[in-house]
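Input: a single structure, listed below in structure tokens.
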Amino acid sequence: MANDSKGVSRRDLLKRAGLAGAALSIPSSAKATEGRPDGRLMQQTPQAAAAPARREPVQNLTQSEADLLEAICARIIPTDENGPGAREARAAHYIDRALGGALKDQREAYRSGLAALERYCLSSRRQPFLALDARNQDSVLIDVETGAAASGGFPASSAQFFAMVRTHTLQGTFGDPFYGGNKDFIGWDLIAFPGLRLNVTADDQRLGSRLTPTHRSAYDHEMFNKAVARRQDKESVDPKSVDQKKSVAHDY
């Protein structure tokens, strides 16, 4: 895949990840069974079945779109021996949330692009993306990134769709957690970013020094909050700005 000096190379990330760590999806219609003394199988009772994991409500995507997007993000920045990846950082949650705000103009691009990717999987691999193993998921995404997935019927080009998802996956993994991704500062820890510092000492600037992570969002700093408060105070006394008032939180 193309190397991009401005971002994290998916090729490099996949080299680190290998083909491990991607679990196959189990269809919800699958029925668990257990053995009987006569050797026949019987359906497992609901009480004996494992309780399904709690799913976080989606805001702008459908649940099936969100599941597919999360699986794609998880292959762009996979979990490996170096630590968690985009899935744990909740990059897909960031994208779903932003599609109602800053990324709202790209909601249709996600709807049509995800549907096209699924069509391409079914036509080329005879299975939906979630049912593929990690190797085949990567193979599909390589086709999408290089523009070889034309049979999916992407509105523009499959490469354009991949570039969009990749960009937003990076944002959701390494951006400020205020926006819904980078859960527990997973992305910042992955790249050893210690967080915003308002004071930097001479020792902090020494070559090879390792700074202790602050694990604080930029929005946790008093200086930033004061700036927001001043802006809101100004808008509250300006009748012309009342209808245009929009906080960062509302955008997301």
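Observations on the structure shown:
- Neighbours of Y110 by Cβ distance under 10 Å: Lys/Arg scored +1, Asp/Glu scored -1, total -1.
- Q137 sits among other residues whose Cβ lies under 10 Å from its own Cβ, and their net charge, with Lys and Arg +1 and Asp and Glu -1, is +1.
- Using θ = phi - 60° and Karplus 6.51 cos²θ - 1.76 cosθ + 1.60, couplings along region 58-65 (whole Hz; Gly, Pro as x): 8, 10, 10, 8, 7, 5, 5, 5
- Sequentially through region 69-84, phi angles give Karplus couplings (6.51, -1.76, 1.60; θ = phi - 60°) of 4, 4, 5, 5, 4, 5, 8, 6, 10, x, 6, 8, 5, 8, x, x Hz, Gly and Pro residues having no value and appearing as x.
- Dipole of region 101-219 [Lys/Arg +1, Asp/Glu -1 at C-beta], most positive-end residue of N199, S139, A218: S139
- Computed over region 49-122: relative contact order in percent, which uses C-alpha pairs under 8 Å that are six or more apart: 29
- Surface/4 estimate of mean projected area, convex hull on alpha-carbon atoms of region 57-190, nm²: 7.5
- Using Cβ point charges alone (K and R +1, D and E -1), the dipole size of region 81-227 about the Cα centre works out to roughly 260 debye.
- Burial ranking of peptide ranges 115-122, 132-139, 94-101 (average Cβ count within 10 Å, highest at the top): 94-101, 115-122, 132-139
Every read-out reported here was derived from the displayed coordinates using simple, explicitly stated rules and does not represent laboratory data. What you see is a predicted model, and the numbers here were worked out from it, not measured in a lab. Cβ sites come from the backbone with ideal geometry, for glycine too, and all protein chains shown count toward neighbours.
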